[in-house]
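Engineer: Supplied in C-alpha cells, the structure appears directly below.
The values are calculated or read from the model by the stated rules, or taken from the named source; none is laboratory data. Because the structure is a prediction, the values reported are computed rather than measured. A quick note on method: Cβ atoms are made from the backbone with ideal geometry, for glycine too, and the neighbour counts reach across all protein chains shown. For accessibility, only protein heavy atoms count, side chains too; no ligands or nucleic acids. Shrake-Rupley method; radii C 1.70, N 1.55, O 1.52, S 1.80 Å.
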Amino acid sequence: MEDILNAIVLLSNFVIVPGLAYGAQLALGALGVTLIYAVLRFSNFAHGDLMAFGTMAVILVTWTFQSVGISAGPVPTALLALPFGILAAIGISLLFDRSVYKFYRTKKSPPVVFVIASVGVMFMLNGIVRFIIGPGDQNFSDGGRFLIKAREFKEMTGLNEGLAIKTSQGITIIVAFLVMIALFWFLQKSRTGKAMRAYSDNEDLALLSGINPDRVVLYTWIIAAALATIAGTLYGLDKSFKPFTYFQLLLPIFAAAIVGGIGNPLGAIAGGFVIAFSEVTVTYAYKKFLIYLGPEGWAPDGLVQLLSTDYKFAVSFVILVLVLLIRPTGIFKGKVI
Amino acid sequence: MKLPVPAQFAIMGLLLVLVGIFQSWSVALAILNLCLISSVMALGVNIQWGYAGLFNVGIMGFAALGGVGAMLVSVPPVREAWAAGGLQVIGSGLLVLAVIAAVVFARRTLEGRTRSLATVALVAGGYFLVRAVFDPAVDAIEAVDPAKSGFLGGLGLPIIFSWGIGGVFAAGAAWVVGKIALGLRSDYLAIATLGISEIIIAILKNEDWLTRGVKNVSGLPRPVPLEINLIQSPWFTDLSARIGADPVAFAGIFVKLCYAALFTIVLLAILWLSQRALHSPWGRMMRAIRDNRDAAEAMGKDVTKRHLQTFVLGSAVVGIAGAMLVTIDGQFTPGTYNPLRYTFLIWVMVIVGGSGNNYGSVLGGFLIWFLWIQAEPAGLWLMNVLTMPLAEGSALKAHLLQAAPHLRLFLMGLILLLVLRFSPRGLIPEETGRKAA
Amino acid sequence: MKYLTAENMTGGYGGADILHSCTITVEEGEIAVIVGPNGAGKSTAMKAVFGMLPLREGRVTLGGEDITHLTPQDRVRAGMGFVPQTNNVFASMTVQENLEMGAYIREDDFADTMAQVFDLFPILKEKRNQPAGELSGGQRQQVAVGRALMTRPKLLMLDEPTAGVSPIVMDELFDRILEVAATGIAILMVEQNARQALNIADHGFVLVQGQNRFTDTGAALMADPDVRKSFLGG
Ligand SMILES: Nc1ncnc2c1ncn2[C@@H]1O[C@H](COP(=O)(O)OP(=O)(O)OP(=O)(O)O)[C@@H](O)[C@H]1O
Ligand SMILES: [Mg+2]
C-alpha cells in the first residue's frame, strides 16, 4: 500500500505537477496563436518572439522594482511587473500591425504573404530582444521558492517520496486558470468578444452587420499580446528566460494549437495539455516508479526512459503528424487550413 | 525603374571588391565563398517555393543532413569502435526494419481490434527489443577513446564525394517528410518541416556514436591543399615571388580561391540545371500547378506527386550546400545549427532575390550573406557613432557597444519587410510571359 | 421617385461590366422581385444596390438621399438590411448570437426587436441556443432573415431566400415576407421560383445579361406571354 502511495507521489512530483504547469504555459501560448489564426487568418511565426519581448519587458521592470525595493512578498515581483510587460507587448504588436500587416489586410493578400511578413517581424523582434537584454539566460524569479517542500511533505505524510510544488508552478496554474476563464467569458459573453467570433466565422457577413474590422483586429492583438506575455513570464519564472528558448517554443505551441483544432480556443487549451503531458511522460525515467510497483527486491535495468529529454521536440512533432493524418481538424473541430 | 540583371550582379561584385580593397582580400574571399554556398541553398529553396509554392521552413535540417554526409564520407572509420559495437548497431538497424516489416504485414493481414492490438504489441515489443541490442552497443562505442573519438567514424573517402552524398541524405529525408506532409495545406507543411528540422538537429546533437554530438568532429580532410604544404612547395613559393606576394598570406588566399573555384563550378552547374528545368515542360507544369492547383488537378495532373518531386529535388540541393558548408568549415558542429541562420535567413535571400527566379536566388544569396556579415561591423560602427556623446566607461555605452551585433537580426527583418512591401517580386522578378531568356 | 431608386447601374467585378444600365426600384411596404436566368447578374445587382460593387455609372438613392458613395456598413446605418445568397449566417454561433450580431450597430435595447423576430419565426425561439450551422436549410434562412431584421431596416434585401428549401417551407417563408412587408418595410428580393415570387410581388424586374428586359407589376408579368414563355416555363 505504502509503495503504491509512494509511486503515486513520485509520479505527481515529476510528471503530473510539471506537466500541468508546462501544459498551462503552452495552452496560453497556443491560445494567442489560435486567436490570430482565427481572426487574421495566418500562422504567426513571430509569436515565440512576441513572448520573449513581453517577458523581457517584465524582467526589466522587475529588476527596476527590485532595485528600488518594491516586492510582492511571497509571490514573485514579476507578477507586479506583468501589466507593464503586457502593455509593452501590446504596443509593439499594434505597431507592427499598423506598419506591416495592415497593408496586406487591405490588399487581401494570401495567407502565406502574412506568414512571410511574420518571419520578418520575428527577425526584428528577435534582434530587439537580444539587443536589449542579450542572448543569455536570465533568472528573475524571487519570493518564496516552494509552496510545499519535499521534506515537509515527507514529514507530514511519513512517505519516502516527497512532493514539491514550486511557487512558480502554483502561480502558473492559478494564473492560467483565471486568464482562461476571463478569456472565455470575454469571447462568449461580451459584445466585442462575440464580434470577434463573428468576424472569424464569416468575415463578409460580419462586415454587413456593421462590425468594425479594425476594432476586431485591435482586440485580437491586444489579447494575443497579453496572452503571450503571461505565458512567457510564467514559463520564465518556472524555468528561465532565454530568447532562443522562446523562439523554439514556437513548435510545441503550434503543435498544441493544431492538435486541439486551430482557430478553436478550447482546442488550444486541450492541445497544450496533450503536448505537455506527452512530452513529460515520454521523457520521464520510470525506473524508481517501477521499483515501487514491482515485486520486492526487483529493479529494472536501465532508466526505463522511452526517449531522452533531448528529443522532446520529436514528441510534439509525432503527435502533430498523427493528428494531421488521422483527424486533420484537430481534437475539437478547428478550421482546416 | 529596375537595374538590368548584369548591372545588379556587377554591383554585387563591386561590393566584394571594395571589401577586398578596404578590409582585406582574405575577408572578401571568405565572404565570397559563403555567398556561393548561400546561393546554392537559396536555389534549392527557390525550386520548392518559387517553382511549386511549397513553404518549407525546415531548411536547417536538410542542410545539417548534408553536413553529416560530408562528415561521414570523409573521416576515417574508427576500427576499435566498429569492433566494440558496429555489428550490433547494424543489427539493431536491421531489427528496426524487421519490426517495420512485421507491423506492415500485420496491418495488411489482420482486421479490426486484433489489428490495432497487434500493431501496438509489435511496436512496443520491437521498441524494447531494439533498445536491448542498441543501447549496450552505443555505450561500448562511446566508451572507445571518448576524448578523441567515441564514434564509428566514416568512410575515409575524399570529402568532395560527400557533396553528392549529402544531397542524397537530404533527398531521402525529404522524401519521407514529403510523403507525410505534402498532402496537407501550406501552413501545416510549414509547421511539419519546422518540426522535422528540429528533430534532425536533436538527433545529430545526441547520437554521439554517429556524430560525436556536441563534442563535434573537427579536422575534416580538405578537398584543397593545406596552406602549410603550399608554403613548402617550390612551385608555390616561385609563384608568390613572381607576383610579389608574401607566401604565407598568399597561401591563405590561394586556398580560398581554390574553394571559390570548386563552389563556383557547383553553383553554375546547379544554376544551369535549374534553368533548364524551369523552362522545360516540367517547369511550366510546376508553375501551372502553383498558380492554379485546382485547375491543374482537374486537368489530371498528379499534384501531390509533382510536389514530392520538387520537394525532394530542392532539399537535395540544400543538402549539397550543407555538405559544402561543412567542407569549408573543416568541422561538423551540430550545436551550431540555428534556424534563424540556416532556415529563415535563406528565406530572406529567396524573397529578396525574387521568388521564382533562379538568378534572383543567386543574387539574393550573395547580397543577404554579404549584409549579414557586414552588418556586424557596421552595427558596431553605428553604435560607436551614436554613443559618442556618452561618457567613456558608462555602463549604457558598454552595453550598447557589446549588443550592437544583434542589430543584424533586426536589419534582416527590416530588409525582408521592406522588400515584401515595396518590391514584392524581389530584385530580379520572375520571368512571366511565354518566351523567357 | 420611389423609396429605393437605383438607376442606370453599370459596373462589374473589375473585368468586363456585368450590369449594363440596370434600374431597380421599390416603394415602402411593397415587394419587388428580380428574376432572370442563372448568371443574369441578379446577385450582382443586389450587391451594387448594397454598395459591395463599385459602379462606373448610375446612382442609388434611399428615401431621397443619394447613397451611391456610402460603404455597406453605412448603408446598414441608413436603413438597409441585406441577406446574401450564400454564407448568410454565422455557422458557429447560436441563433440568438446571430440575432445579436445583426443588432451590432444598435446602441439601444433591442430585446423587443428580438421578440418580434421570434414571433415571426417561432422555431428560432425554440432553437435559440443551438449553433446556426446545425439547423436545417429552411431554419437557417429564417436565421438569416431574422439577423437582417434586427437593425429594423426600412429596406430588406433578400438574395434567393428560398434556395434549397422544400415547397411547403417556401410558402411559409413567403408568408412571413408578406407579413414583414405589411409592417411598411420595402422588400427587394431575388427569386429562382419566379412564378410564386411574382405572385406575391407588387413589382417584378426581369433581368437578362445585366439588362432590364421586362419591368412591370407582378400580375402583369405573370400575364405577359413573352415572359411566361421564356422565364416561367410556359
Ligand atoms: N465575385 C465575382 N467576381 C467576378 N465575377 C463574378 C463574381 N460573382 C459573379 N460574377 C460573375 O457575374 C455574372 C453574374 O453573376 P451573378 O451571381 O450576379 O448571377 P445571378 O443572376 O445571381 O445567378 P444565380 O441565379 O445563379 O444566382 C456571372 O457571369 C458571374 O460569373
Ligand atoms: Mg445569385
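Engineer: Would you rank A:Phe131, C:Phe121 by solvent-accessible area, highest first, keeping every protein chain in place and using a 1.4 Å probe?
Structural biologist: The most accessible residue leads, giving A:Phe131, C:Phe121.
Engineer: Here is a further query. When Cβ neighbours within 10 Å are restricted to other protein chains, what is their mean count per residue of peptide A:124-137? Write out the running numbers ahead of the final one.
Structural biologist: Values: counts 8, 3, 7, 14, 5, 3, 7, 12, 4, 3, 4, 3, 0, 0.
Average neighbour count from other chains, rounded to a whole number: 5.
Engineer: With 26 Å as the limit, write out which pairs from A:Lys239/A:Lys333; A:Lys107/C:Lys47; A:Lys189/C:Lys127; A:Lys189/A:Lys239 have Cα-Cα distances beyond it, or answer none. Could the numbers behind the result be given before it?
Structural biologist: Details: A:Lys239/A:Lys333 32 Å; A:Lys107/C:Lys47 20 Å; A:Lys189/C:Lys127 18 Å; A:Lys189/A:Lys239 35 Å.
Too far apart for the 26 Å limit: A:Lys239/A:Lys333; A:Lys189/A:Lys239.
Engineer: Binned at 5 Å from 0, what are the whole-percent values of the Cα-Cα distance distribution for the stretch A:1-157, short to long?
Structural biologist: For the stretch A:1-157, the pair-distance distribution reads 2, 8, 13, 15, 15, 13, 11, 9, 7, 5, 2, 1, 1, 0.
Engineer: Go ahead and estimate [θ] at 222 nm for chain A from helices alone: -39,500 (n - 2.57) per DSSP H run with n ≥ 4, summed, over the residue count, rounded to 500. Please list the in-between numbers first.
Structural biologist: On the way: 16 runs with 236 residues, N = 337.
For chain A, the value works out to -23000 deg cm²/dmol.
Engineer: What value, in deg cm²/dmol to 500, does the helix sum -39500 (n - 2.57) over DSSP H runs of n ≥ 4 give at 222 nm once divided by the residues of chain C? Write down the numbers at each step before the final one.
Structural biologist: On the way: 10 runs with 88 residues, N = 234.
After summing the helix terms and dividing by the residues of chain C, the value is -10500 deg cm²/dmol.
Engineer: Now a separate question. Based on DSSP H runs of at least 4 residues, each adding -39500 (n - 2.57), what is the mean residue ellipticity at 222 nm of chain B after dividing by all its residues, to the nearest 500 deg cm²/dmol?
Structural biologist: Working: 18 runs with 311 residues, N = 437.
The per-residue figure over chain B is -24000 deg cm²/dmol.
Engineer: Given the peptides B:358-365, B:314-321, B:107-114, arrange them by the average over their residues of other C-beta atoms within 10 Å, most packed first.
Structural biologist: On the way: B:358-365: 28.4, B:314-321: 31.6, B:107-114: 10.1.
Descending packing order for the listed peptides: B:314-321, B:358-365, B:107-114.
Engineer: With only alpha-carbon atoms counted, please give the Rg and Dmax of the stretch C:16-67, in Å.
Structural biologist: 11.6, 35
Engineer: Still on this structure, please answer the following. For the protein assembly as shown, state the semi-axes of the equivalent ellipsoid (square roots of 5 times the eigenvalues of the alpha-carbon gyration tensor), sorted largest first and rounded to whole angstrom. List each step's numbers first, then the result.
Structural biologist: Details: eigenvalues 659, 286, 177 Å².
After diagonalising the Cα gyration tensor, the semi-axes are 57, 38, 30 Å.
Engineer: Give me the 1.4 Å probe accessible area per residue for chain A, excluding ligands and nucleic acids, in Å².
Structural biologist: Ligands and nucleic acids excluded, the figure is 38 Å² per residue.
Engineer: Applying a 10 Å radius around every beta-carbon, put C:169-181, B:169-181 in order of their mean neighbour count, most first. Walk me through the numbers on the way to the answer.
Structural biologist: Numbers: C:169-181: 17.1, B:169-181: 21.6.
Highest mean packing first, the order is B:169-181, C:169-181.
Engineer: Can you give me the span-like helices of chain A, meaning DSSP H runs with 20 Å or more of Cα extent along the axis and Kyte-Doolittle mean at or above -1.0?
Structural biologist: Details: long enough: A:17-40 (34 Å, 1.62); A:47-68 (32 Å, 1.04); A:78-96 (26 Å, 2.42); A:111-133 (32 Å, 2.17); A:167-189 (32 Å, 1.62); A:213-238 (37 Å, 1.02); A:265-283 (27 Å, 1.47); A:312-326 (22 Å, 2.91).
Span-like helices, by this rule, are A:17-40, A:47-68, A:78-96, A:111-133, A:167-189, A:213-238, A:265-283, A:312-326.
Engineer: On to the next question. How many square angstrom of accessible surface are buried between A and B, both sides summed, with a 1.4 Å probe and rounding to 100?
Structural biologist: Numbers: alone 15790 and 21860 Å², together 33360 Å².
Chains A and B together bury approximately 4300 Å².
Engineer: Across peptide B:48-61, what mean number of C-beta atoms from other chains lies inside 10 Å of a residue's C-beta? Walk me through the numbers before you get to the answer.
Structural biologist: Working: counts 0, 2, 0, 0, 0, 2, 0, 5, 0, 3, 0, 0, 0, 0.
Per residue, the number of nearby Cβ atoms from other chains is 1 on average.
Engineer: While we're on this one: Using a 1.4 angstrom probe with every protein chain in place, what is the largest-first accessible-area order of B:Asp135, C:Asp159?
Structural biologist: Details: B:Asp135 55, C:Asp159 5 Å².
Putting B:Asp135, C:Asp159 in descending order of accessible area: B:Asp135, C:Asp159.
Engineer: Inside 10 Å of the C-beta atoms of A:101-113, what's the mean count of C-beta atoms belonging to other chains? The partial results should precede the final answer.
Structural biologist: On the way: counts 0, 0, 3, 3, 0, 0, 1, 0, 2, 2, 4, 6, 2.
Across A:101-113, the average partner-chain Cβ count within 10 Å equals 2.
Engineer: Give the residue from A:Leu293, A:Ile253, A:Ser99 lying farthest towards the positive end of the charge dipole for the stretch A:2-326; charges sit on Cβ (+1 for Lys and Arg, -1 for Asp and Glu) and the dipole is referred to the Cα centre.
Structural biologist: A:Ser99
Engineer: Right, next: What are the residues of the stretch A:296-336 that lose 50 Å² or more of accessible area, with a 1.4 Å probe, going from their chain alone to all protein chains?
Structural biologist: A:Leu306, A:Tyr311, A:Phe317, A:Leu324
Engineer: Compute for the stretch B:245-303: radius of gyration divided by Kirkwood radius, i.e. Rg/Rh, restricted to C-alpha atoms, rounded to two decimals. If you can, show how the numbers build up before the last one.
Structural biologist: Numbers: Rg = 21.3 Å, Rh = 14.7 Å.
My calculation of the ratio gives 1.45.
Engineer: Taking the Cβ-Cβ separation of B:Val5 and B:Val104 as r and a Förster radius of 35 Å, what is the calculated FRET efficiency to the nearest 0.05? Please report the intermediate quantities before stating the final value.
Structural biologist: Values: r = 51 Å, r/R0 = 1.46.
With R0 = 35 Å, the Cβ-Cβ based efficiency is 0.10.
Engineer: Measure of size requested: the Rg and Dmax of the stretch A:122-248, with Cα atoms as the atom set and Å as the unit; please supply both.
Structural biologist: For the stretch A:122-248, the Cα radius of gyration and maximum Cα-Cα distance read 20.6, 67 Å.
Engineer: Considering only C-alpha atoms, what is the centroid distance from the stretch A:148-176 to the stretch C:54-115, in Å?
Structural biologist: So the two Cα centres are separated by 57 Å.
Engineer: Which value results when the Cα radius of gyration for the stretch B:78-152 is divided by 2.2 N^0.38 Å? Write out the running numbers ahead of the final one.
Structural biologist: Values: Rg = 16.3 Å, N = 75, 2.2 N^0.38 = 11.3 Å.
Here the answer is 1.43, to two decimals.
Engineer: So, one more: Just going by the charge dipole of chain C, with Lys and Arg at +1 and Asp and Glu at -1 on Cβ, which of C:Ile177, C:Met80, C:Phe50 is farthest out on the positive end?
Structural biologist: Towards the positive end, the residue furthest out is C:Phe50.
Engineer: Show which lysines lie in cross-link reach of B:Lys305 when reach means a straight Cα distance below 25 angstrom and same-chain residues fewer than eight apart are skipped.
Structural biologist: B:Lys179
Engineer: Another question about this same structure. Are there trypsin sites (Lys or Arg not before Pro) in the stretch C:13-102 that DSSP marks as loop and that have at most 14 other Cβ atoms within 10 Å, and which are they? Please report the intermediate quantities before stating the final value.
Structural biologist: On the way: sites: C:Lys42, C:Lys47, C:Arg56, C:Arg59, C:Arg75, C:Arg77; in loops: C:Arg56.
Passing sites in the stretch C:13-102 are C:Arg56.
Engineer: Compute the whole-percent fraction of alpha carbon pairs in the stretch A:2-326 spaced more than 31 Å apart. Intermediate results must be reported in sequence, preceding the final value.
Structural biologist: Working: 18687 of 52650 pairs.
Taking all Cα-Cα pairs of the stretch A:2-326, the fraction more than 31 Å apart is 35 percent.
Engineer: Right, another one. Do any residues of the stretch B:159-207 lose at least 40 Å² of accessible area when the full set of protein chains is present rather than just their chain alone, and if so which, with a 1.4 Å probe?
Structural biologist: Going by heavy-atom accessible area, the residues of the stretch B:159-207 that drop by at least 40 Å² are B:Ile180, B:Leu184, B:Asp187, B:Tyr188, B:Ile191, B:Leu194, B:Glu198, B:Ile199, B:Asn206.
Engineer: Using only the Cα atoms of chain B, what semi-axes does the equivalent ellipsoid have when each is the square root of 5 times a gyration tensor eigenvalue? Give whole Å, largest first.
Structural biologist: On the way: eigenvalues 303, 202, 101 Å².
Working through the eigenvalues yields semi-axes of 39, 32, 23 Å.
Engineer: Arranged from highest to lowest average of other beta-carbon atoms within 10 Å per residue, in what order do the peptides B:192-203, B:228-239, A:153-164, C:1-12 appear?
Structural biologist: Values: B:192-203: 24.4, B:228-239: 12.8, A:153-164: 15.7, C:1-12: 18.9.
Top of the packing list down: B:192-203, C:1-12, A:153-164, B:228-239.
Engineer: Same structure, new question: So, with +1 on the Cβ of K and R and -1 on the Cβ of D and E, and no other charges, what is the size of the charge dipole of the protein assembly as shown about its Cα centre, to the nearest 20 debye?
Structural biologist: Numbers: 76 positive and 69 negative charges, 333 e Å.
My answer is approximately 1600 debye.
Engineer: At 20 °C and a viscosity of 1.002 mPa s, what translational diffusion coefficient does Stokes-Einstein give for the stretch B:319-366, taking Rh as the Kirkwood radius over Cα pairs? Give it in µm²/s as a whole number.
Structural biologist: Numbers: Rh = 11.7 Å.
Translational D for this selection: 183 µm²/s.
Engineer: Right, here's the next one. Based on the alpha carbon coordinates of the stretch A:49-124, what radius of gyration and maximum Cα-Cα distance (Dmax) apply, in Å?
Structural biologist: Every Cα atom of the stretch A:49-124 included, Rg and Dmax give 16.5, 51 Å.
Engineer: Also, I was wondering about something else. For B:Gln331 and B:Leu268, what does the FRET efficiency come to when R0 = 41 Å and r is the distance between their Cβ atoms, rounded to the nearest 0.05? Before the final figure, lay out the partial values.
Structural biologist: On the way: r = 27 Å, r/R0 = 0.66.
That pair, B:Gln331 with B:Leu268, gives E of 0.95.
Engineer: So, one more: Starting at 0 and stepping by 10 Å, how many percent of the alpha carbon pairs of the stretch B:144-246 end up in each bin?
Structural biologist: Reading the bins upward from 0: 12, 25, 25, 19, 13, 6, 0.
Engineer: Within the P(r) computed for the stretch A:260-335, what percentage of the Cα pairs occupies the region above 17 Å? Mind dumping the intermediate values first?
Structural biologist: Details: 1574 of 2850 pairs.
Here the tail beyond 17 Å accounts for 55 percent of pairs.
Engineer: Calculate how many DSSP beta bridges within the protein assembly as shown are antiparallel, expressed in % of all such bridges and rounded to the nearest 5. Kindly include the intermediate steps, with their values, before the conclusion.
Structural biologist: Working: 26 of 43 bridges.
So the antiparallel bridges in the protein assembly as shown amount to around 60 percent.
Engineer: Using 10 Å bins from zero, what percent of all Cα-Cα pairs in the stretch A:112-185 falls into each bin?
Structural biologist: It works out to 16, 20, 27, 23, 10, 4, 0, in whole percents.
Engineer: Could you estimate the translational diffusion coefficient of the stretch B:284-437 from the Stokes-Einstein equation, with Rh from the Kirkwood formula over C-alpha pairs, at 10 °C and 1.306 mPa s, in whole µm²/s? Working shown, then result.
Structural biologist: Numbers: Rh = 18.7 Å.
D = 85 µm²/s.
Engineer: Give me Rg over Rh for chain C, both radii from the alpha carbons and Rh done the Kirkwood way, two decimal places.
Structural biologist: 0.96
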